[in-house]
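Structure first, commentary second.
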Amino acid sequence: MGSALARALVEAGHRTTVWNRTKARAEPLKSLAITVADSVEDAVGSAEIVIVNVSDYAASAAFLRSEAVAAAVHGKLIVELTSGAPEGAREAARWAAALGADYLDGAIMATPNFIGSEGGTLLFSGPAAAFDANKDTFRVLGGNAQHVGDDPGVANALDSALLGQMWGALFGTLHAIAVCQAEDIDLAVFARQRSSFAPVVEGGVADLIERTKAARFAGDQETLASVSAHYGAFKHLLEVTDARNLDRAAVDAYDAIFKRAIAAGHLHDDFAALTQFMGRAA
């Protein structure tokens, strides 16, 4: 990812210097007229915008929080494109502010092949003025670079939310594959039917979001399916899971949430009522 970011910047005409703790990994970038620095201090000292892309905030702190770096970042913009929890972003923003540096936190919602493309999405949070002053540079990294909030933690919070939905879909697909394989259903058949069913799923997701925004949890004339209807169908998934001795870990988690909502009197409410049980620990 770091190499993809550097390539996109230099190809757009930006003077680019990189540093990697394993210098040999950065050496191939020299052929693209990218400078490979010997130290973090050298890289930071030569930059107007310092883009950080490492494994987590602890790694970032280990590289940046030295006296030499602290003296070099004053008046510069630090852009942290490191994955982590929202509070890590907020703490890093406080550190930067204490040194007189501007700070934006970012989340890369893409794999490296999307970097530099119109379809590349990067989310930025922190002072809007800092984003606006440099948005042309950020859109070099991805045409869909967006400012999503003044709170530095917003970008990584959205990252976790969006990845959570992705993993829900992927783990759901793993379970679906297991059912199909256990029942000798060709996965090509499953793939075709999944595509046909996709508009129903997307409609349900959109309705869930809108109902939750409006706190419309009770069943009404527009309810697509009540908790009762969903749970009735869900129990069939539990039955085939047990009959075929499939792993229950994922479905047990869903079952627990259904049961909490039903025990609280929401059997005939809209499925959106379950939002109230995901939003707090059991």
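Can you name every residue in the range 256-282 that is without any contact (Cβ under 8 Å) to a residue 12 or more places away in the chain and assigned to a helix (DSSP H, G or I)?
K259, A263
Does A128 satisfy the criteria of being touching a Leu at 6+ places or on another chain (Cβ under 8 Å) and surrounded by 11 or more Cβ atoms within 10 Å (Cβ to Cβ)?
no
Name every residue in the range 135-161 that is aliphatic (A, V, I, L, M), within 16 Å of V10 (Cα to Cα) and not in a helix (DSSP H, G or I), in order of residue number.
Result: no residue meets the conditions.
If you take the residues in the range 27-41 that are outside any strand (DSSP E or B) and among the β-branched types (V, I, T), which one is farthest from A68 (Cα to Cα)?
The qualifying residue farthest from A68 (Cα to Cα) is I34.
To keep it simple, each residue is scored yes or no on (1) aromatic (F, W, Y); (2) closer than 12 Å to G153 by Cα; (3) out of contact with any Leu (no Cβ under 8 Å at 6 or more places or on another chain); (4) at pLDDT 90 or above.
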| site | (1), (2), (3), (4) |
| --- | --- |
| A58 | no, no, yes, yes |
| L64 | no, no, yes, yes |
| A71 | no, no, yes, no |
| K76 | no, no, yes, yes |
| G84 | no, yes, yes, yes |
| A89 | no, yes, yes, yes |
| A96 | no, no, yes, yes |
| Y103 | yes, yes, no, yes |
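Could you give every pair whose Cβ atoms fall below 7 Å, whose first residue belongs to the range 172-191 and is closer than 20 Å to R248 by Cα, and whose second residue is charged (D, E, K, R), counting only separations of at least 6 or pairs across chains?
Listed by first residue and then by second, the contacts come to A182/R244.
Of the residues L237, L208, L158, L141, which is farther than 17 Å from M278 by Cα, touching a residue at least 40 places away in the same chain (Cβ under 8 Å) and not assigned by TED's automatic domain parsing to the domain that holds P86?
That would be L237, the only listed residue that is farther than 17 Å from M278 by Cα, touching a residue at least 40 places away in the same chain (Cβ under 8 Å) and not assigned by TED's automatic domain parsing to the domain that holds P86.
Does A130 satisfy the condition of being under 15 Å from V50 (Cβ atoms), modelled with pLDDT of 95 or more and out of contact with any helix residue (DSSP H, G or I) (no Cβ under 6 Å at 6 or more places or on another chain)?
Taking the combined requirement at face value, the residue satisfies it.
Restrict the check to the range 79-86 and report whether at least one residue is hydrophobic (A, V, I, L, M, F, W, C) and closer than 17 Å to S46 by Cα.
Looking through the range 79-86, at least one residue is hydrophobic (A, V, I, L, M, F, W, C) and closer than 17 Å to S46 by Cα.
Go through S60, S46 for me and flag whichever is assigned by TED's automatic domain parsing to the domain that holds A129 and surrounded by fewer than 17 Cβ atoms within 10 Å (Cβ to Cβ).
Step by step, each of S60, S46 is checked, and only S46 is assigned by TED's automatic domain parsing to the domain that holds A129 and surrounded by fewer than 17 Cβ atoms within 10 Å (Cβ to Cβ).
Output yes when any residue across the range 25-43 is of a type in the set (S, T, N, Q) and surrounded by 18 or more Cβ atoms within 10 Å (Cβ to Cβ), and no when none is.
no
When residues of the range 175-206 are filtered for being closer than 15 Å to V240 by Cβ and assigned to a helix (DSSP H, G or I), how many remain?
Qualifying residue count, the range 175-206: 9.
On the basis of being in a helix (DSSP H, G or I) and at pLDDT 95 or above, does R15 make the cut?
Considered against the rule, which asks whether it is in a helix (DSSP H, G or I) and at pLDDT 95 or above, R15 comes out as no.
The values are calculated or read from the model by the stated rules, or taken from the named source; none is laboratory data. No experiment lies behind these values; they were computed from the predicted model shown. Note that we place each Cβ from the backbone using ideal geometry, even for glycine, and neighbour counts take in every protein chain shown.
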